[in-house]
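First comes the structure, then the notes that go with it.
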Amino acid sequence: MTLTELLAERGREFIFEGFRRDDLIRFGKFYSESWWDHKPSNESKVLYPIPQRQLDLNPNLKQNPGY
């Protein structure tokens, strides 16, 4: 089994489990592959934004790039 086949199988197996984004990042396909309603994203979208409440509570935090 190739890594491409493994990624496709995980996509079918865990379609409603919420793992697809993490798998695409792990396999280096997040920037180049489309799936369901996702279009290829830029590198700034690998990290989630830090919630504003957390930024307000801790002045040492900086928002992740791209948000």
Being part of a loop (DSSP other than H, G, I, E, B), surrounded by 10 or more Cβ atoms within 10 Å (Cβ to Cβ), out of contact with any Cys (no Cβ under 6 Å at 6 or more places or on another chain) and hydrophobic (A, V, I, L, M, F, W, C) narrows it down to one residue among Leu24, Leu47; which is it? Leu47
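Out of everything in segment 1-21 that is part of a helix (DSSP H, G or I) and within 11 Å of the chain's Cα centre (by Cα), what residue ends up being farthest from Pro65 (Cα to Cα)?
Once the filter is applied, the top-ranked residue is Arg20.
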Please state which of the following conditions Ser41 fails to meet, knowing it meets all the rest: (1) hydroxyl-bearing (Ser, Thr, Tyr); (2) open to solvent by 70 Å² or more (accessible area, probe 1.4 Å); (3) in a loop (DSSP other than H, G, I, E, B). (2)
Just checking, how many residues over segment 22-45 are within 20 Å of Pro65 (Cβ to Cβ) and in contact with a helix residue (DSSP H, G or I) (Cβ under 6 Å, 6 or more places away or on another chain)? 1
Among the residues of segment 27-38, how many are open to solvent by less than 70 Å² (accessible area, probe 1.4 Å) and farther than 30 Å from Lys62 by Cβ? 1
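Go through the residues of segment 8-16 one by one and say whether even a single one is of a type in the set (Val, Ile, Thr), open to solvent by 70 Å² or more (accessible area, probe 1.4 Å) and at pLDDT 85 or above. If you could, list the steps in order and put the result at the bottom.
Step one: of segment 8-16, the residues of a type in the set (Val, Ile, Thr) are 15.
So of that shortlist, the ones also open to solvent by 70 Å² or more (accessible area, probe 1.4 Å) come out as 15.
Applying the additional criterion that residues be at pLDDT 85 or above yields 15.
Yes: segment 8-16 contains one or more residues that are of a type in the set (Val, Ile, Thr), open to solvent by 70 Å² or more (accessible area, probe 1.4 Å) and at pLDDT 85 or above.
The values are calculated or read from the model by the stated rules, or taken from the named source; none is laboratory data. Just so it is clear, the model here is predicted, and its values are computed rather than measured. So basically every Cβ, Gly included, is an ideal-geometry build from the backbone, and we count neighbours across all protein chains shown. Quick note on the areas: whole protein, heavy atoms, side chains included, nothing else; ligands and nucleic acids left out. Shrake-Rupley method; radii C 1.70, N 1.55, O 1.52, S 1.80 Å.
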